[in-house]
Every structure is written in C-alpha cells, then in structure tokens.
1. What translational diffusion coefficient, to the nearest whole µm²/s, does the range 266-402 have by Stokes-Einstein, given a Kirkwood radius computed over alpha-carbon pairs, a temperature of 20 °C and 1.002 mPa s viscosity?
2. Excluding Arg274 itself, calculate the net charge of residues whose Cβ lies under 15 Å from the Cβ of Arg274, where each Lys or Arg counts +1 and each Asp or Glu counts -1.
3. Rounded to the nearest 500 deg cm²/dmol, what is the calculated helix-only ellipticity per residue at 222 nm for the chain, with -39500 (n - 2.57) per DSSP H run of length n ≥ 4?
4. Please list the equivalent ellipsoid semi-axes of the range 4-76, computed as the square roots of five times the alpha-carbon gyration tensor eigenvalues, in descending order and whole angstrom.
5. In terms of modelled amide H atoms, which long-range or inter-chain residues lie less than 5 Å from the amide H of Asn183?
6. Let me know the Rg and Dmax you get for the range 2-157 when you use only its Cα atoms, in Å.
7. Using a 4.7 Å cut-off between beta carbons, which cysteines in the chain end up with no partner cysteine at all?
8. Residue by residue through the range 252-268, what is 3J(HN,Hα) from phi via Karplus (6.51 cos²θ - 1.76 cosθ + 1.60, θ = phi - 60°)? Round to whole Hz and write x for glycine and proline.
Amino acid sequence: MKVLLVNTNQLKSPDPVPPIGLLYIASALRTDQHECNIFDLNFIPDFEIPLREKIQNFKPDVIGLSLRNIDNTAFPHFQFFLPHYQKITHICRSASPITTLVVGGAGFSLFPNELLYLLDVDYGIVGEGENEFRLLLKALQNNTPLKEKLLLHRAEEVNMDTLFPAWDLVDTATYFRDGGSLNIQTKRGCRYKCTYCTYPLLEGQAVRERDPVKVVDEMQYSYNKYGVDYFFFVDNVFNYPETHSIAICNELLKRNLKVNWTAYITPRITPTYRRMGGSAKELYRIYKEAGCEAVDFGTDAMNQHGLNVMAKGFLVDDIKECSAACKAHNIKFNHSLIFGAPGETIATTEETISNIIATEPTAVIAAIGVRLYPNTPIANKLIKQGWIKAEDITLEPVFYVEETLQTYLLTRLKEISQQYNNWVVPGLHIKMNYPHIFQQLRLGGVKGPMWRMLG
C-alpha cells in the first residue's frame, strides 16, 4: 500500500525536533514492502497548499498523522495544538475523502478517545505503533473488518533491535544543521515512578534495551552518510541502568568514533552500580571519555519535600554529587525544575533555588506548575483529594500550581532569570524568544543543546 506519514509538529523551542517515532514507523512498514513517504511540517510553515498537492500527487491509500504533543506544557502562557491538528485532518479529508486516516503518537496516546472524536479520523493507534500499523495495513489490504477504531499497542512484541529510523525520508542534513544534533533512542520503558510523568503510561514500566552494538551501528551510519558527529540520546533516562549506557560508551571507544553527545539523565546512582564499585565521578568520567559534552538532569526540585512529592527516588545529596562529577569532568549540565508542586512553600522554593545555584549549573530550565494527565499518580491523588474531577483533566491543559505560591513564583522566577543569565523560564517566554540568534549560532556551526551557550 501507499502510505503518507505526516509529521504534524511545528514547535521549535529552540530547535526543530526530528520525528524519530515516525521514522521508526516508516522503517517497520517498509519491511512489509509498503511504499512510504513523509510530509514534514517542521520545515513548511504555510503547509495547506503543499499538503493538498502532496496528497493529490502521491495518492496514498492511507495517511498516518503523528501527534507529538497536545500543548507545550508552559504555564501560564501555553500553546494548545488541537486547532492545528484539526486543520490538518480537514485538509487531508478534503484533499482525498476516500483515503483512510490513522492517527498516533505520544500526544494522541494520552487522550485517544477525545482526539479520535474531535479529529474525525478512521483509526487511532495508542502507544508504540510499529507492529499495530503493520497489522492495520494488513487488515485493510485483506478487507478484514476491524471491531474497534482504537488499536492498543503490544509493547512486548516490538523487537528493539529491529529499530532503525528511515532517515532518508526526511531532510536529515537540515535537521542536523538547524538542530545541532541527531536524535537516537537506546531503550524504551521507565521503571521510575515520578508522579506527574507519562512515560510509564506510554512505554510501560519494563525497560527494554537495544543492543549497544546496534545503537552504535546507527550512530556510525549517520556519521558516515550525513556527517553527523553530535547525537542526542532521547531515552527518558539514558543512565538507567548504568551498565547499558557504559556498554554503549565502550562500543563508541572501541570503534574510535569521534562524536559528541548529550542525554536526559537522572541525578541518581543506583545501589547496584555502587555495589559494583561505581560512583558518579567514575560514571561521568566514562561518559566524558566516550564523547559526552552535556547532560540534562531531570532534577525537578532540590529540596527533599519536593523530591518526595514527585517520587523522584533520589536525595538532594545525589544531585550535588552528580553535579560535582560533571564539573570535575568538564561536562556541561542543565537542571530542569518544576515549581509549585503540591505542598510547596516559599521556604522549599527558596531552598531549591539556593541549592541549584550552589551547583553552578550551565543552565536551569524552570517550569511553573505540574501539567496534569489522566492516570498519572499525581492526577489520581488530586482527584481523590477533591481538587479536581477526573472528567476535568482533558485535552485543554490543566496545571497544578500551589495556590498560595502562584503570584510569588511568577514574580520570583522572573527576578531570578534577570539576576542569572543561565535561568530559562519557558512559561514566561524568558530567554525563549531569540530564534534569529539561535539560527545564526547554528549556521555558525554551534552543536548540541542551545542551553550550553548560557553558561
């Protein structure tokens, strides 16, 4: 069958994000000899006419729409993407009324019933789509009627070692030039239980690893074919387990592949790794030797009350230890924080601020409030407490901000960001509105996360 996959994302904060999930889907469909093409809205701001022309010229049997996010999770000045998605589905329907429309992606999977209705599509895939999309196309080919319009993923059936993104279907060179790195995934699933996080809902709690050799094979391919020498490990937590990340590093060193990389990291050293004689300083030494230039810590808070409320699984001292290890090995690091969680006070807020400043980070990205999603622990707790009803946690973004702190946080974080140049507050558009400067830096050859330039 002819399949047109549409990357609906146009958010660049501050860089364009390659649609790696969509590229995995395309690669999986190709194994069944389907003809795939990708229409990428990332580089087409005014997309209506080009999308219509693409559909009319390609004449797809199926159009797959990937919904990455519902909003940009930036309180109080958030962007809501539903009207954007409705416009895209309307264009697809009007351009080819008989073509089957399928929608999926992380954003869709969080609100599947609502979006299936509001977007008026034929089918929706919840969760990982590599296998489900293939099964759907097989059913359509055989004219097999499907009982349900929503198809649930079977995560255990996805062979992680078969994943290899179809980079030839997008403008990979431009993604690398404009984004400063290329995304790569080494595992799926998350064993951590952060109260607000959707990763366990989307990918499951069992961690499913790719063979480190396969991971570096992909990096070698991108290096040889596209000249990519900077990578972003987009796992929800790259350093769990430490042994897997170390095996990737060892493979990079074995091949003498001269690349740099960054990753999302938890500021925690597992007891298992410590029993093996490991420490934060040793782990980050290995990372540095293998090309690590920067890490993004999912810190969230730096007071013990906040860490407990969000079930982070580490202590303030762990954050200090990992921050010090980065400094010892000249690895740039960012602390991503969430202010205004349940029970937070002015005292705990100030404790986080002072403790974070003391680590001397390269950057701090501060979010105000916790975006609530269905079935997350924090949402369930707030429902039980009567703060909100389950039916009120909908597509339209709902944020929890400790009521007595909201005015204080808006003022205090603005003040801190003016005092410290390396503090970014997306919800207040602070240090997020320099697209032309970012573009010039990228054109000048700057690679890696843009927050590296703040410290």
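Every read-out reported here was derived from the displayed coordinates using simple, explicitly stated rules and does not represent laboratory data. Because the structure is predicted, anything quoted here is derived from the model rather than measured. Glycine also receives a Cβ, built like all others from the backbone with ideal geometry; neighbour counts cover every protein chain displayed.
1. Values: Rh = 16.3 Å.
Calculated translational D: 132 µm²/s.
2. Here the charged neighbours net out to -2.
3. Values: 18 runs with 181 residues, N = 455.
Computed ellipticity for the chain at 222 nm equals -11500 deg cm²/dmol.
4. 24, 16, 9
5. Phe232
6. Over the range 2-157's Cα set, Rg and Dmax evaluate to 14.9, 49 Å.
7. When partners are defined as cysteine Cβ atoms under 4.7 Å apart, the chain leaves Cys36, Cys92, Cys190, Cys249, Cys292, Cys322, Cys326 without one.
8. 4, 5, 4, 8, 6, 7, 7, 10, 10, 7, 9, 7, 7, 10, 8, x, 9
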